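The values are calculated or read from the model by the stated rules, or taken from the named source; none is laboratory data. Because the structure is a prediction, the values reported are computed rather than measured. Here Cβ is always computed from backbone atoms with ideal geometry, including for glycine, and neighbour counts include all displayed protein chains.
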């Protein structure tokens with residue numbers, strides 16, 4: 001198991017170990033990023049099975065490209081760029097569209113007093129309305145919103161996934177938010 | 001209307017925890033199994049070299065391959081076979097590259113996210129050309145001699161980087177490849193790429209009527225071509241595949 005004098009490895013050390021051919025180190029990287037990689041692929045390709053295959057492809061390509069990973073760079077955006085590219089390749093043929101859904105069961109609130117049924121119902125309606133409008137947006141708008149708000153990626157990671165300069169991320173997100181507001185019937189002016 | 005924006009952002013943040021993504025599959029096991037397959041070509045226990053050893057071995061022996069054989073790439077087709085025309089004897093920069101422009105102007109004139117190599121020492125391109133058509137525009141950066149990128153003597157050009165939309169239609173650009181040329185599969189940011197080197201190979205634009213536009217014809221040096229994010233790229237003039245990949249992966 002990859003350890004240095006009994007202490008757990010930090011990410012850069014996992015990467016270096018993986019580059020040297022340490023299988024357990026690469027598997028640790030997969031374990032650490034499999035969820036964000038899979039969800040990113042799902043948002044791009046729009047199908048659970050295709051996302052699974054795209055995420056696999058992405059990790060295999062990342063494994064093959066580890067030798068060119070720049071030491072000291074952020075690993076997550078580098079990986080997500082590769083996964084998103086793999087997903088885009090599959091999206092061209094699959095031409096599917098992910099329909100984001102709400103959880104069927106939400107965790108019961110702990111600690112605070114339970115809200116009334118009326119409040120819960122209203123909150124549910126508002127969530128469903130918001131999600132329906134998001135699902136109705138064009139692919140690029142929905143993707144940038146989902147990356148920002150549902151995967152909580154940072155700007156560098158969003159740019160990597162969308163394959164655009166970092167400066168473009170803000171403008172795309174801003175335009176998508178305007179269209180989301182319009183879909184919700186809200187005033188889109190910045191005031 | 002800051003309140004409206006903040007309110008919507010708060011709603012999105014709240015919604016975040018409610019999104020039901022599909023259950024993440026057991027990727028550790030799946031990836032482990034894929035890496036263990038003999039046809040994968042390399043195993044985890046094998047030390048990883050920096051670049052070339054990880055290039056997928058796919059050198060195509062072109063001698064004897066029928067002229068009809070080709071590899072498709074967005075907006076670009078590799079055609080294997082003898083040239084039906086006489087190539088220019090050296091790098092030629094002709095009007096077919098489009099009109100001279102500036103980097104900033106080109107950014108606003110194309111319908112894709114134009115990216116520029118950020119490799120240290122390369123700096124900004126010396127010349128920028130914009131061609132339109134093809135639809136969406138095609139931008140070519142020309143660099144004079146740079147450290148590590150010696151200039152081709154006849155033209156003074158050290159490096160050429162071209163970008164155009166991958167969905168401009170079939171066969172708009174063609175790379176004609178004669179015998180003696182090796183086409184090696186490579187990767188850029190983990191995605192597929194092709195390294196075309198050796199022998200004679202030519203890159204030219206074919207107009208809407210299918211006519212070869214010889215003003216863009218260039219006797220190409222080794223070229224890396226790949227598609228990324230709906231944009232087809234070519235990097236020409238790098239001394240080696242590793243150098244070309246460094247240029248390619250520095251695009252921002």
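The selection criterion, being at pLDDT 85 or above and farther than 16 Å from residue B:234 by Cβ, does not hold for residue B:156. Modelled with pLDDT of 55 or more and either buried (at least 16 other Cβ atoms within 10 Å of the Cβ) or within 14 Å of chain A (Cβ to nearest Cβ) (or both): does that describe residue B:236? Considered against the rule, which asks whether it is modelled with pLDDT of 55 or more and either buried (at least 16 other Cβ atoms within 10 Å of the Cβ) or within 14 Å of chain A (Cβ to nearest Cβ) (or both), residue B:236 comes out as yes. Working only within the range A:33-76, note down all residues that are touching a residue at least 60 places away in the same chain (Cβ under 8 Å) and closer than 22 Å to residue B:17 by Cβ. Once the filter is applied, which keeps residues that are touching a residue at least 60 places away in the same chain (Cβ under 8 Å) and closer than 22 Å to residue B:17 by Cβ, the range A:33-76 yields A:36, A:39, A:40, A:43, A:44, A:76.
Only residues that are surrounded by 16 or more Cβ atoms within 10 Å (Cβ to Cβ) and within 9 Å of chain B (Cβ to nearest Cβ) were counted across the range A:10-20, and they come to 2.
Checked against (1) within 16 Å of the chain's Cα centre (by Cα); (2) assigned to a helix (DSSP H, G or I); (3) at pLDDT below 80, residue A:123 passes all but condition (1).
Within the range A:148-162, is there a residue that is farther than 23 Å from residue A:36 by Cβ, within 11 Å of chain B (Cβ to nearest Cβ) and either at pLDDT below 95 or surrounded by 13 or more Cβ atoms within 10 Å (Cβ to Cβ) (or both)? No.
Given the structure, is residue B:219 at pLDDT 65 or above, buried (at least 17 other Cβ atoms within 10 Å of the Cβ) and farther than 26 Å from residue A:79 by Cβ? Spelling it out, it is not the case that residue B:219 is at pLDDT 65 or above, buried (at least 17 other Cβ atoms within 10 Å of the Cβ) and farther than 26 Å from residue A:79 by Cβ. Consider residue B:247 carefully, then state whether it is at pLDDT 85 or above and within 11 Å of another protein chain (Cβ to nearest Cβ). Judged against the criteria, residue B:247 is not a match.
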